[in-house]
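Student: What follows is a structure written as structure tokens; I'll ask about it next.
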């Protein structure tokens with residue numbers, strides 16, 4: 001009976017290309033950034049302001065923040081005031097200047113998979129300092145402009161947040177990816193093998209940026225199995241769960257393959273390797289005629305017919321284990337069973353010097369690699385840039401092979417083979 005597979009962590013991600021994010025922002029940001037056309041509003045401030053884009057917005061990802069820079073031109077008009085009364089019909093003073101507005105935006109993912117952005121103004125740099133124009137004379141008024149501008153920078157911060165959150169439906173992407181995981185994946189090649197994934201919880205992964213991309217992602221905890229000869233049924237798709245705090249930072253995923261090696265095949269192999277072989281034990285000779293291996297309780301039994309200095313059938317039992325060094329299933333603590341022990345004690349005490357046990361222990365080696373090398377290659381092929389629908393792809397590699405458990409049944413040895421590696425499942429670009 002197969003036990004629960006080892007836990008796997010699969011990365012679900014969407015990459016946002018910074019250049020495309022720039023384009024999205026530039027397409028949605030008006031040429032007029034801010035405009036106050038009245039001297040009498042805002043508490044009769046006797047001031048008009050017009051801020052316009054003077055070029056393309058540029059952004060970069062630094063540490064865990066998006067940094068923005070927006071070239072802008074600003075025109076201030078200050079009305080004339082006499083004894084506290086505005087005189088809007090009188091010529092006003094006009095200030096003009098050019099600058100680069102700076103912003104920083106933090107991206108986070110909410111528990112319900114929506115994107116949260118927090119944009120704050122990060123100051124500005126004058127590229128052409130403002131001046132008041134009286135006739136043909138420009139009088140610098142940078143101090144006044146610096147006092148007024150920070151108030152209006154906050155208004156544009158909200159605009160940036162609105163564009164980003166409305167422009168990317170990360171929850172919709174996640175729902176498609178989550179439901180797709182429940183469908184078994186046919187492993188290419190001659191093997192009738194299927195990859196089955198059962199996801200059950202999700203943790204958020206910190207937003208990362210590299211090589212001109214911003215990665216939004218989550219770590220999906222799941223069970224991954226490779227099933228042979230039977231098409232596994234599609235799992236019942238559950239609702240996309242709320243994101244949990246990150247508990248497992250690893251991206252390790254494990255494919256659990258329950259491989260079956262019949263005793264008939266094992267017996268032919270061992271008999272072919274050491275059957276009809278003669279071994280010297282001091283002055284005595286023993287010829288191993290045939291071997292038969294089978295399971296008894298939780299142990300592996302070895303039955304071998306011998307001839308030579310003694311004729312008969314020997315029965316030994318031991319504990320099967322996986323030798324990672326040569327990728328074989330071997331037997332340790334091999335001992336004569338009680339019936340054989342009692343029989344030989346009366347006639348052949350010389351057999352109990354341990355040489356026979358050591359000889360059989362060295363000789364009985366069931367090569368696991370030859371049984372699974374083909375399926376390993378096919379799994380590696382499946383997860384290497386394997387395209388799916390909606391622009392999704394599997395992308396990963398296998399790193400290590402281990403055996404977590406061995407199971408003995410009346411007909412075969414079952415080995416729970418674990419292929420370890422890393423696996424991502426997502427989009428190269430979330431705008432697909």
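Student: Using only alpha-carbon positions, what ratio does the radius of gyration of the stretch 159-309 give when scaled by 2.2 N^0.38 Å? Don't jump to the answer; show the numbers that get you there.
Tutor: Values: Rg = 27.1 Å, N = 151, 2.2 N^0.38 = 14.8 Å.
So the Cα radius of gyration is 1.83 times the expected 2.2 N^0.38 Å.
Student: Please give the length that would be gained between residue 75 and residue 31 if that part of the chain were fully extended, namely 0.36 nm times their separation in residues minus their C-alpha to C-alpha distance (nm, one decimal).
Tutor: On the way: separation 44, 0.36 × 44 = 15.84 nm, distance 1.39 nm.
Full extension from residue 75 to residue 31 adds 14.4 nm.
Student: Zone of residue 278 (label point 7 Å along Cα→Cβ, backbone N under 12 Å): which residues in the stretch 297-320?
Tutor: 307-309
Student: What is the spin-label model distance, in nm, from residue 19 to residue 171 if the labels are put 7 Å beyond Cα along the C-beta direction?
Tutor: 3.2 nm
Student: Here's another thing I want to ask about it. Which length gain, in nm to one decimal place, applies between residue 333 and residue 111 when the Cα-Cα distance is subtracted from 0.36 nm times their residue separation?
Tutor: On the way: separation 222, 0.36 × 222 = 79.92 nm, distance 5.28 nm.
That works out to 74.6 nm of additional length.
Student: Sort the following peptides by mean Cβ neighbour count (other Cβ atoms within 10 Å, averaged over residues), highest first: 124-130, 9-15.
Tutor: Values: 124-130: 15.9, 9-15: 21.9.
So the order, starting with the most tightly packed, is 9-15, 124-130.
Student: For labels at residue 287 and residue 200 in the simple 7 Å Cα→Cβ model, what's the distance in nm?
Tutor: The answer from the label model is 5.7 nm.
Student: Hey, another quick one. Among 305, 369, what is the fewest-to-most ranking by other Cβ atoms within 10 Å? Each step should come with its number before you reach the end.
Tutor: Numbers: 305 15, 369 11.
By the 10 Å Cβ count, ascending, the order reads 369, 305.
Student: Going by how many other Cβ atoms sit within 10 Å of their own, how do 116, 355 line up, fewest first? Each step should come with its number before you reach the end.
Tutor: Details: 116 12, 355 16.
Ordered by Cβ neighbours within 10 Å, fewest first: 116, 355.
Any read-out appearing in this document is the output of simple, stated calculations on the displayed coordinates, not a laboratory observation. These numbers were taken from a predicted model, which means no experiment stands behind them. A quick note on method: Cβ atoms are made from the backbone with ideal geometry, for glycine too, and the neighbour counts reach across all protein chains shown.
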